[in-house]
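Report on the structure given below.
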Amino acid sequence: MRSAGAYDQELMRDLLQGSPEALERIIEKWERPLYAFIYRYTQNEFATRDIVQETFVRVFTKRKKYNFSYPFSSWVFTIAANLCKNRARWRKRHPETSLDGEEFNKEGFGRSLLEVLPTEDELPIEAMERDEDLGALKRAVAELPHDLRTAVLLHHYQELSYKEISEVVGCSVRGVETRLYRARKLLKLHLDESLGRDGNTQKKTAQPRAGAVRKTYSTATCSLSG
């Protein structure tokens with residue numbers, strides 16, 4: 001049985017040979033993983049759709065530059081990560097008011113209003129608490145530098161190997177371990193600040209939410225300590 005990596009490279013060979021179905025199969029396989037990674041990076045549905053589409057455009061237009069010595073996963077996530085970084089830089093230089101119902105964060109990305117509306121089964125206060133917990137973690141991730149954020153998302157959510165991640169962020173395997181360690185420390189620092197903690201002193205107003213946010217943080221970062 002051929003491996004997933006071998007299948008990816010087979011598709012790239014077909015694409016280079018002009019197969020009309022190869023790109024369609026690549027999109028079918030990689031659209032969801034790319035969407036998940038890019039959405040977690042940008043935290044915005046509209047930016048995510050644009051970047052996913054542009055990633056596949058780049059796969060096609062740069063197909064002759066693909067190096068078969070490396071996994072396709074590393075190559076396609078490198079393209080996506082660079083597009084995310086470029087988009088964030090552009091947004092910083094061109095701040096503007098959104099016309100599509102977005103709430104922008106400091107990097108120029110935001111959340112669709114659909115993300116913050118309660119579900120049918122939730123009371124408004126429950127929706128607010130849920131959004132507060134998730135929002136604290138999202139803001140902490142958004143505060144990470146590009147290389148740290150990319151490493152965290154690829155390792156924790158996309159389950160790429162350290163070797164694959166090293167090829168995406170452009171460092172050694174040891175460098176990936178260092179980035180994940182630094183990311184874990186920064187995430188803890190940002191989440192502690194969101195709880196209103198100063199050293200060992202915690203503000204009383206933050207106590208009711210502390211347990212929930214810590215649980216969210218622990219779930220999201222447990223795999224980074226290995």
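Summary of values
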{"quantity": "Under Karplus coefficients 6.51, -1.76 and 1.60, residue-wise ³J(HN,Hα) of the range 53-60 in Hz, glycine/proline x", "calculated": "4, 5, 4, 6, 4, 5, 4, 6"}
{"quantity": "Distance (nanometres) between label positions extended 7 Å along Cα→Cβ at LYS188 and GLU54", "calculated": "3.6 nm"}
{"quantity": "Point-to-point label distance, SER3-SER19, nm (Cα→Cβ direction, 7 Å offset)", "calculated": "1.9 nm"}
{"quantity": "Theoretical gain in end-to-end length, HIS146 to TYR181 [0.36 nm per residue, Cα-Cα removed]", "calculated": "11.1 nm"}
{"quantity": "ILE165 accessible area, 1.4 Å probe, all protein chains in place, Å² to nearest 10", "calculated": "0 Å²"}
{"quantity": "Candidate residues TYR181, TYR7: accessible-area rank, largest first, probe 1.4 Å", "calculated": "TYR181, TYR7"}
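The values are calculated or read from the model by the stated rules, or taken from the named source; none is laboratory data. As the structure is a computational prediction, the values presented were derived from the model and not from experiment. When we count neighbours, we look across all protein chains shown, and the Cβ atoms used for this are built from the backbone with ideal geometry, even at glycine. Just the protein is used for accessible areas: all its heavy atoms, side chains included, with ligands, DNA and RNA removed. Shrake-Rupley method; radii C 1.70, N 1.55, O 1.52, S 1.80 Å.
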